[in-house]
Structure formats: C-alpha cells, structure tokens
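Peer 1: I am attaching a structure below and will ask some questions about it afterwards.
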Amino acid sequence: PNLEDSGSNWVTYKERVIQTLTHQGLERHLYGTAPKPEELREVDGKWFTEEEPTKSLDRKEIREHETKIDIFVQQEATAREVIYQTVSQYTFLRIYKEKTFAKLWIKLISLFED
C-alpha cells in the first residue's frame with residue numbers, strides 16, 4: 001500500500017516494507033549493516049584498497065571489487081525504489097537526500113513515529 005501523508009496506515013506500511021525488503025534480501029540495507037565496499041585509490045596508475053594500501057590490485061581484482069561496489073549500489077537503489085514508489089511527492093522531498101537507505105528509513109520513521 002501507499003503511505004498516507006497523515007501516517008494513518010504507518011504501522012501496516014512499515015511492516016509491509018520490512019517484509020518486502022527482507023524477501024528481496026535487502027534487510028541489511030534497512031538496518032545499515034550491509035557493508036559498503038571501500039572505494040579504490042589510484043596512485044601512479046596502480047589501484048589499491050585502504051585495507052591493503054601497499055598491495056596493488058591486478059585487473060581481475062579490480063573488476064571483482066568494482067562488481068561488489070555495483071551490487072551494493074544496485075541494492076541500495078532497489079531498497080529506495082520500494083519507498084519512492086509508495087510515498088507521496090511531499091514525503092519523497094523530505095527523505096530523498098539521505099546518503100544511505102538506512103538513513104532514509106530512519107528519517108521516514110522519524111516523520112511518522114515521533
């Protein structure tokens with residue numbers, strides 16, 4: 001269901017969003033426990049991670065790391081779409097600037113539970 005601006009259906013809406021995201025394997029994004037892959041760092045044409053700042057990555061490792069980043073970003077976008085498709089423009093404009101889905105969810109909760 002769509003979330004009413006009045007919040008009259010918040011309890012039902014919240015539970016359905018949680019169940020939808022859990023079913024889609026996105027529950028960790030909801031609670032902010034999905035680890036975001038670190039960004040790669042380039043030095044003199046070689047790529048490194050913060051975790052291993054002295055070991056340059058080969059092409060295969062770079063592709064694998066970029067794939068992890070892509071998956072994370074796609075999952076965040078999928079979770080956001082669950083919300084964006086079910087809230088009004090008014091609510092959307094109040095939440096969309098949050099940097100992560102978990103922060104967006106916390107913001108949405110603060111609008112309807114406080």
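Peer 1: Any residue at all in the stretch 20-27 that is in a loop (DSSP other than H, G, I, E, B), open to solvent by less than 70 Å² (accessible area, probe 1.4 Å) and touching a Ser or Thr at 6+ places or on another chain (Cβ under 9 Å)?
Peer 2: Yes, the stretch 20-27 contains at least one residue that is in a loop (DSSP other than H, G, I, E, B), open to solvent by less than 70 Å² (accessible area, probe 1.4 Å) and touching a Ser or Thr at 6+ places or on another chain (Cβ under 9 Å).
Peer 1: So which pairs qualify, if the first residue must be in the stretch 26-37 and in contact (Cβ under 8 Å) with a residue 12 or more places away in the chain, the second must be assigned to a loop (DSSP other than H, G, I, E, B), the Cβ gap must be under 7 Å, and the two must be at least 6 apart or on different chains?
Peer 2: Listed pairs, sorted by first residue: GLY32/THR100.
Peer 1: For ILE69, are the conditions met, namely being out of contact with any Ser or Thr (no Cβ under 8 Å at 6 or more places or on another chain), within 22 Å of LYS103 (Cα to Cα), free of Cβ contacts under 8 Å to residues at least 40 places away in the same chain and surrounded by 13 or more Cβ atoms within 10 Å (Cβ to Cβ)?
Peer 2: Spelling it out, ILE69 is indeed out of contact with any Ser or Thr (no Cβ under 8 Å at 6 or more places or on another chain), within 22 Å of LYS103 (Cα to Cα), free of Cβ contacts under 8 Å to residues at least 40 places away in the same chain and surrounded by 13 or more Cβ atoms within 10 Å (Cβ to Cβ).
Peer 1: Select, from GLU61, GLU50, the only residue that is open to solvent by less than 80 Å² (accessible area, probe 1.4 Å), farther than 22 Å from THR22 by Cβ, of a type in the set (D, E, K, R) and free of Cβ contacts under 8 Å to residues at least 40 places away in the same chain.
Peer 2: GLU61
Peer 1: Against the definition (within 30 Å of THR91 (Cα to Cα) and surrounded by 11 or more Cβ atoms within 10 Å (Cβ to Cβ)), how does SER8 come out, yes or no?
Peer 2: In short, yes.
Peer 1: Kindly indicate whether any position in the stretch 28-38 is assigned to a helix (DSSP H, G or I), open to solvent by less than 90 Å² (accessible area, probe 1.4 Å), under 29 Å from SER110 (Cβ atoms) and modelled with pLDDT of 95 or more.
Peer 2: Yes, there is a match, as at least one residue in the stretch 28-38 is assigned to a helix (DSSP H, G or I), open to solvent by less than 90 Å² (accessible area, probe 1.4 Å), under 29 Å from SER110 (Cβ atoms) and modelled with pLDDT of 95 or more.
Peer 1: Okay, next question. Give the residue, chosen from LYS103, LYS60, LYS55, that is in a loop (DSSP other than H, G, I, E, B), at negative phi and out of contact with any helix residue (DSSP H, G or I) (no Cβ under 8 Å at 6 or more places or on another chain).
Peer 2: Of the residues listed, the single one that is in a loop (DSSP other than H, G, I, E, B), at negative phi and out of contact with any helix residue (DSSP H, G or I) (no Cβ under 8 Å at 6 or more places or on another chain) is LYS55.
The values are calculated or read from the model by the stated rules, or taken from the named source; none is laboratory data. Here the structure is a predicted model, which means the values were calculated and not measured. Here Cβ is always computed from backbone atoms with ideal geometry, including for glycine, and neighbour counts include all displayed protein chains. Note: areas computed on protein heavy atoms with side chains; ligands, DNA, RNA excluded. Shrake-Rupley method; radii C 1.70, N 1.55, O 1.52, S 1.80 Å.
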